[in-house]
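Just so you know, all these numbers are worked out from the coordinates, no wet-lab data involved. Fair warning: this is a prediction, and the values are worked out from it, not measured in the lab. Backbone-built Cβ (ideal geometry, glycine too); neighbour counts: all protein chains shown.
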Amino acid sequence: MADVMKMLEDIRSINAPKPPKIAVNAMQFPALSAMNGTINFEFFSYVTVTNPNRDEFSHYDSSLQLVYSGEPMGLVFIPVEKIGSGGSQKMSAKFDVQQYLLSTPAKSTLSGGDREIGFENSNNFNSG
């Protein structure tokens with residue numbers, strides 16, 4: 001009986017859906033200016049989403065949010081996509097931030113889903 005239970009547990013773990021793998025390929029700031037205590041910039045993020053599952057993966061109601069000093073600066077919605085078994089999808093997001101009032105941040109973040117990339121005020125970079 002224990003062997004049967006172990007076999008069923010193994011089957012469940014093999015067939016359990018795995019979360020997608022997200023890789024940030026590049027980040028760009030093609031335009032950046034600061035004047036009179038405000039900042040204007042464009043921010044591009046390029047990512048690849050890989051489906052590690054044996055079946056199709058769909059995502060919906062997804063978004064990326066750019067946060068500075070705890071305040072939202074921009075929000076980009078990610079269109080509904082389907083990624084086939086073992087497939088990958090390249091995606092990009094553009095934030096166009098105009099006349100955002102600067103303050104001294106404790107922490108800035110870019111988040112999407114359950115992932116967050118942080119930029120500390122000391123110019124350290126962290127991901128988690």
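Quick notes
- Surrounding net charge for residue 32, when Lys and Arg each add one and Asp and Glu each subtract one, Cβ distance under 13 Å: -2
- Coupling constants for segment 59-69 follow from the phi torsions by the Karplus curve (6.51 cos²θ - 1.76 cosθ + 1.60, θ = phi - 60°), and in residue order they are 10, 7, 6, 9, 7, 10, 10, 9, 10, 10, 6 Hz; glycine and proline get x.
- Packing order of peptides 83-92, 24-33, 63-72, highest average first: 63-72, 83-92, 24-33 (average count of other Cβ atoms within 10 Å over each peptide's residues).
- Residues whose placed amide H lies under 5 Å from that of residue 87, excluding near-sequence neighbours: 51
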